[in-house]
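A short write-up of the structure that comes next.
The values are calculated or read from the model by the stated rules, or taken from the named source; none is laboratory data. Since we're looking at a predicted model, the values are computed, not measured. Because the Cβ atoms are built from the backbone with ideal geometry, glycine has one as well, and the counts that use them run over all protein chains shown.
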Amino acid sequence: MSNIKKMVGTALFVAIGIALPLAFHSIPNAGRVFLPMHIPILLCGLICGFPYGLACGIVTPLLSSLVTGMPPAAMLPSMICELAVYGLVSSLLMRFVPVKNPYVKLYVALIAAMLSGRVVLGALNALIFSAGEYSMQAWLGAAFVTALPGIAAQAVLIPAIVFGLQKAKLIEMKL
């Protein structure tokens, strides 16, 4: 994929990352449950690679906050860090994990990125953004228990989208 296609794809994923949460935030707490902004960031990292996934993870929550007010300013720094890690880790692992099976490679990159982002989110909240107010229980509850439907949706939808786009020859990935 050329750099121009990657930039256009990244811009598309940023736009989806701003628009998709709007549909979910009309339902109370749906953003924290279904994690709609995470999906386009992870897709961008997996499809467009580095540094596009990283840029998408930084720009999407920032622009969304400026345009829609979501995420709120108090959550913005931690979300930027979390989503940047999603974009970075997913893109790097898709490139460097030495696995031949495309399904295994995609799931390794996806799951490792999801876990890495949540660990970074928890560590930064505990040490910087909510120091003294953030506990292991709060992190486990927010990052895994409340978000379980979103995690399940990501695990099902993202590989289906990637392989569907590849089968339709809309993207070419070296899996």
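If you scan the stretch 1-19, which residues turn out to be of a type outside the set (D, E, K, R) and surrounded by fewer than 18 Cβ atoms within 10 Å (Cβ to Cβ)?
If the condition is that a residue be of a type outside the set (D, E, K, R) and surrounded by fewer than 18 Cβ atoms within 10 Å (Cβ to Cβ), then 1, 2, 3, 4, 7, 8, 11, 12, 15, 19 are the ones that fit.
A quick yes/no check of all residues on (1) within 10 Å of the chain's Cα centre (by Cα); (2) within 16 Å of residue 151 (Cβ to Cβ); (3) not β-branched (Val, Ile, Thr):
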{"site": "45", "(1), (2), (3)": "yes, no, yes"}
{"site": "56", "(1), (2), (3)": "yes, no, yes"}
{"site": "104", "(1), (2), (3)": "no, no, no"}
{"site": "109", "(1), (2), (3)": "no, yes, yes"}
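Answer yes if at least one residue in the stretch 3-20 is modelled with pLDDT of 95 or more, in contact with a Cys (Cβ under 8 Å, 6 or more places away or on another chain), within 20 Å of residue 171 (Cβ to Cβ) and polar (S, T, N, Q), and no otherwise.
yes
Confirm whether residue 44 is touching a residue at least 40 places away in the same chain (Cβ under 8 Å), within 22 Å of residue 152 (Cα to Cα) and either surrounded by 20 or more Cβ atoms within 10 Å (Cβ to Cβ) or not β-branched (Val, Ile, Thr) (or both).
Criteria met by residue 44.
Please find, among 123, 109, the residue that is small (Gly, Ala, Ser) and either at pLDDT 95 or above or surrounded by 17 or more Cβ atoms within 10 Å (Cβ to Cβ) (or both).
Working: 123 fails: either at pLDDT 95 or above or surrounded by 17 or more Cβ atoms within 10 Å (Cβ to Cβ) (or both).
Result of the check over 123, 109: 109.
Go through 68, 60 for me and flag whichever is within 14 Å of residue 38 (Cβ to Cβ), among the β-branched types (Val, Ile, Thr) and touching a residue at least 24 places away in the same chain (Cβ under 8 Å).
60
Among the helices (runs of 4 or more DSSP H) confined wholly to the stretch 1-87, which include 3 or more residues that are closer than 19 Å to residue 110 by Cβ? Spell out how you get there, then give the answer.
Values: elements: 3-24, 30-34, 38-48, 52-68.
Qualifying helices (runs of 4 or more DSSP H): 3-24, 38-48, 52-68.
Identify the residue in the stretch 137-160 that is more than 20 Å from residue 31 (Cβ to Cβ) and modelled with pLDDT of 95 or more and, among all such residues, is surrounded by the most Cβ atoms within 10 Å (Cβ to Cβ).
Going through the qualifying residues, I end up with 159.
Select from the stretch 72-116 the residues that are under 30 Å from residue 27 (Cβ atoms) and without any contact (Cβ under 8 Å) to a residue 24 or more places away in the chain and list them in ascending order.
The answer is 72, 73, 74, 75, 76, 80, 112, 115.
Among (1) at positive phi; (2) loosely packed, with under 14 Cβ neighbours inside 10 Å, which single condition is residue 128 missing?
It fails just one condition, (1).
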